[in-house]
Each structure stands twice: as structure tokens, then as C-alpha cells.
Amino acid sequence: MDFLPIFVNIKQQPCLVVGGGEVAARKVSLLLKAGGDVTVVAPELARELRDMASNGDIQHVARDFEDADINAPVLVIAATDEREVNEKVSALAKARGIPVNVVDNPALCSFIMPSIVDRSPVQIAISTGGASPVLARMIRTKLEGCIPAAYGRLGALVSGFREKVKARFSNVEQRRMFWEKVLEGTVADRVFSGHEDDAAVELQKAIDAGDADADFQGEVYLVGAGPGDPDLLTFRALRLMQAADVVVYDRLVSPAIRELVRRDAEMIYVGKERDKHTMQQENINELLVRLAKEGKRVLRLKGGDPFIFGRGGEEIELLAQEGVPFQVVPGITAAAGCASYSGIPLTHRDYSQACVFVTGHLKDGSIDLNWPALAQPNQTVVFYMGLHGAPTLCREMIAHGMPPSTPVALVQKGTTPEQKTIIASLETLEETVKSHEFKPPTLIIVGEVVKMREKLKWFNPDAPQGRAIKSSKW
């Protein structure tokens, strides 16, 4: 280990920065964020530092560096373009035992400025010891995506309960078990979903119970898995997929996405196809309630977005009625994902100023839609679950004024390596569906924007990772 990683308290402590450029400004911002009392020595200041000085955030000494400047500070940063000045600052600081950092010169440093993930009071510092600052920033970027901003709120919450927990559990091992349960369970989930007051109440109840093994109330995570490509999952979705005890998933959740779920979670398939339901919707709703009341963290994983033809509203309605905590994580809906991966903008100033999402069949199996409203010019219509009703769709759209030549795109298994996109028109749609043997899930996009595909198509499912600019098989 080349450096000892430590965190230094510089609140209201004098800190010196030598140099007035943009690099110096970035270092000053960090020192101010940590509460330091910053003095900048430089003949001139960059605009950002001038603003700080004008606002009274820093003290500016408008001259070159002098030896006496080193006498007061507890920490020094040299960020000038002059090698001799930087070397002098480093030597003087080291002689006085003052921590010093010289930007982009590890040999002159007694400490390194790390790349930081700030979730105060939670902080993570990444350093390569000056070997590769770019690598440190890359690692920080990966960590940023894995650690929700709410971890800071969670840290602030539990800090207020530390003494209570110490008083309740005299045994160190009991305290460890208690905090692990809290930080991996419902209390943390309530904080992450923005219910900090509820989290505090839940935490106090657990302390009052005085049982490190006490069970917390279960919760349901209603998560949109998107249209199929795992890269389109949200950070929150991934976190909850790793936290769940039980996963209740649909047919439209791709195998690649299921692979990202916590390995030891119980998997329950409740997929539905036309006229073939593994489990009735009412039974799914009751299942979620029962599992949560058993104290389990239940992931209800649905393709696309749970609130866009995903029956998510029906499921959480019963949860709310039964007093079961839940949170909803939106996903990229099929219309957005399939259209984007097909090179079809759903809106375009030249072709479409409105976009309508409709379902191809109602609860009773009929297709009773507001056809006059759908058959409007300068509008894109996206039909979910429309394959079975394609003949009716064509007939009614044309009957209500939509030109038979209106372009139509059929996108099967959009955003996945099995994506298949065929372009037709309203008058040829029915025959196209039959001849190409389309199967669900297939999205139907109707409108002049479909013309843009030939120019904008970029996704080639046959290319490595599905990425290609110049061509597309379909």
C-alpha cells in the first residue's frame, strides 16, 4: 500500500491553495465543500475563483507565493504552471510537516487527492496513487451507478439511532446483526423510496422490540424491466433485483434480465399469453400481498413499464388497501424501446406532432377503440398487443380516413438480439402479419414517422452486441 487512505476533518481550518487557474478552482471547490477556510495565493484568478472571492467564500492574496504563506495552513495544494514554484511549495510544506498536494506530480505530494463518490455522510475515495487518475475516475463512474444518492439519507438516519442501539444491545455481535438487518431490509428500502419518516418509525419499533433477529415488515417492488435489453434497466431496478427475496415475473421479462436477479431468490412465474394464463390477475395480486405479509421483499418484475398496459395499477391497488408498503420503479416502455431500436422517432416536426399508445384488446377481448381520434393526420399511433386484431385495425383506420398507404412498422422482440422489423402499410398489414408469421411480443407503429427508418436505422441484431450503423438485416 503506497498511501494510507484517511479522511481529514478540515472544517473551519486554514487551507492554502497556490495558483489561480481552473485546476486550482476545482481543488478549492472540494476544500470548501469539506468546510475548509481557504486562502488562494495567485497574481490573478480564473473567473470561477473571482466569483468565489467576490462572494466571500475564499480569501485572495493577489501576489506571487512567499515562504511565509506556509506558516498557517493545515493543508496545502500547489496548482501553478511553474515547476519551480510547485517544488518550493512542496519542500517548505514537507519541512514543516504540513500535508501537501502538487497537482499532477505525485513525486512532490505527501497526499493524493482521490476521485470521490459523495453520498454524505457516506463517502468513497478512489485512488491509484497518482498512477492513473483517469482509471480512478472510471472506477468512480461505475460506483456512482451502483450506489444510490439515498445512501446519504440512510447514513444520516441511522447515525441518529446509534446511541439508542448501543443502549439496547450491549453485545457487539448483536449490534452488528441488528444493523445488517436494518441496512439490508425494509428500513433502507423506505429511505430509498423517499419515506424517511416511515423508516424512522420502523427502526424505532425494531429497537424497542430489542431483538436483533426481529423480522421487519415485507415490501413489494413493482419494477419495470423494459423491453428486453438489460442495458436499458435503471440503476434502481438493478439494486432491487439484487435485494429481493422472491421474484414474481412475467413472460415478457427476458432471460438476460432474469440472470441479473439475486441468485438465491425464489422465482415465481406468472406469465400470461392470449387465452393462456399461468395465474389469474386476481391471484397474482393476492400472492404479492401474502408474500409481503410473510416479511419478504417481493420483486414484481414486469416487461416494459408497469403503468403502461402492465396492470401495475391493479396490483398496487390491493397492496395499498392491505397496508403493504410498496414502491414503483418505471421502465422503458415497449413503444419507446422498439421505436428507438428500429430507427423510428415517435414524433418528428415534419411528420408527427402527437403520439398515442393504445392496447390492441380490452379486458373482454374486444377491440373497441376511438377510431376517429386515432385516424388523425400528423399523429403516430402505437398498438400494444395488436397482432390478433390487425385485420380490425387496418379496416377501421382506413374506414375513418387514414390513407391505405400509411406506413406501418411491426417490431417483434424489440431491443433484443431476436429483434425483427418489417415495414408495411395499412392496406398490406394483414397479409404481412400472416406471411412473416409474427408472434407476440410484437408492437405495431402506424404513422408517417415510419418513413424515417430507412435513414435512421442503426440497430443490427446480427452484429456483436446488436450494434451496427451501416446496415440492418431487416
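Quick note: the coordinates plus some simple rules give every number you see, no bench work behind them. Note that the structure is a prediction, hence the values are computed from the model and not measured. As a convention, Cβ positions derive from the backbone with ideal geometry for all residues, glycine included, and neighbour counts pool all protein chains shown.
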| note | Taking a ≥ b ≥ c as the square roots of the Cα gyration tensor eigenvalues, with a/c under 1.5 meaning rounded and otherwise prolate when a/b beats b/c or oblate if not, segment 54-131 comes out oblate
| request: Would you please classify the overall shape of segment 150-209 from the alpha carbon gyration tensor, given that a ≥ b ≥ c denote the square roots of the eigenvalues, rounded means a/c under 1.5, and beyond that prolate means a/b larger than b/c while oblate covers the rest? | output: prolate
| remark: For segment 150-209, averaging the sequence separation of alpha carbon pairs under 8 Å that lie six or more residues apart and dividing by its residue count, the contact order in percent is 40
| said: Using Stokes-Einstein with the Kirkwood hydrodynamic radius over Cα pairs, what translational diffusion coefficient do you get for the chain at 10 °C and a viscosity of 1.306 mPa s, in µm²/s rounded to a whole number? | reply: 59
| task | On a 0 to 90° scale, report how tilted helix 172-183 is relative to the longest principal axis of the chain, with both axes built from alpha carbons and the result rounded to the nearest 10. | result | 50
| request: Using only alpha carbon pairs under 8 Å that are at least six residues apart, calculate the relative contact order of the chain and give it in whole percent. | output: 9
| What does the convex hull of the alpha-carbon atoms of segment 33-99 project to on average, in nm²? | 4.7
| message | At 0.36 nm per residue, and after removing the present C-alpha to C-alpha distance, how many nm does the segment from VAL172 to ARG262 gain when stretched out fully? | response | 29.5 nm
| query | Simple spin-label model, 7 Å along Cα-to-Cβ: HIS400 to THR428 in nm? | reply | 2.5
| query | Can you give the direction-averaged projected area of the convex hull of the alpha-carbon atoms in segment 338-466, in nm²? | reply | 7.5
| task | Pairs to check: LYS181/LYS205; LYS434/LYS457; LYS142/LYS181; LYS142/LYS457. Give those whose C-alpha atoms are more than 19 Å from each other in this structure. | result | LYS434/LYS457; LYS142/LYS181; LYS142/LYS457
| request: Kindly express, to the nearest 10 degrees and within the range 0 to 90, the angle between helix 22-33's C-alpha long axis and the longest C-alpha principal axis of the chain. | output: 90
| When the dipole is taken about the Cα centre of segment 14-113, and only Lys, Arg (+1) and Asp, Glu (-1) are charged at their Cβ, what size is it in debye, to the nearest 20? | 300
| field | Spin-label pair ASP64/ALA125, simplified geometry with 7 Å Cα→Cβ offset, distance in nm | value | 3.3
| task | Would you mind pulling out the separation of the Cα centroids of segment 88-164 and segment 1-70, in Å? | result | 16
| remark: For segment 273-353 the trypsin sites (Lys or Arg not before Pro) that pass both the DSSP coil test and the at-most-11 other-Cβ-within-10 Å test are ARG274, ARG349
| Among LYS33/LYS164; LYS33/LYS94; LYS166/LYS293; LYS11/LYS94; LYS166/LYS296; LYS302/LYS413, which pairs are too far apart, with a Cα-Cα distance over 19 Å? | LYS33/LYS164; LYS33/LYS94; LYS166/LYS293; LYS11/LYS94; LYS166/LYS296
| query | Where does helix 133-146 land angle-wise versus the long Cα axis of the chain, in degrees 0 to 90, nearest 10? | reply | 50
| query | For ASP368 and GLU286, what does the FRET efficiency come to when R0 = 22 Å and r is the distance between their Cβ atoms, rounded to the nearest 0.05? | reply | 0.15
| field | Reciprocal mean inverse distance between Cα atoms of segment 278-374 - Kirkwood radius, Å | value | 16.1
| query | In which sequence would MET1, MET177 go, from the one with the fewest C-beta neighbours within 10 Å to the one with the most? | reply | MET1, MET177
| Under a point-charge model restricted to the Cβ atoms of Lys and Arg (+1) and Asp and Glu (-1), what is the dipole moment magnitude of segment 219-332 relative to its Cα centre, in debye to the nearest 20? | 200
| Distance in nm between label sites at ASN105 and LYS205, each 7 Å beyond Cα in the beta-carbon direction? | 6.1
| said: Taking the beta-carbon count within 10 Å as an exposure proxy, list VAL122, VAL247, VAL289 from fewest neighbours to most. | reply: VAL122, VAL289, VAL247
| task | State whether segment 219-332 is rounded, prolate or oblate according to the following rule on the C-alpha gyration tensor (a ≥ b ≥ c being the square roots of its eigenvalues): a/c under 1.5 gives rounded; otherwise a/b larger than b/c gives prolate, and the remaining case gives oblate. | result | rounded
| field | Peptide ranges 49-60, 411-422 listed from the most packed, as the mean C-beta count within 10 angstrom indicates | value | 411-422, 49-60
| Given charges at beta-carbon only (K, R positive; D, E negative), |dipole| of segment 338-466 in Debye | 280
| task | Give me PHE235, PHE111 ranked fewest to most by other Cβ atoms within 10 Å of their Cβ, as a rough exposure proxy. | result | PHE235, PHE111
| field | Centroid-to-centroid separation of segment 365-411 and segment 288-362 [C-alpha atoms, Å] | value | 22
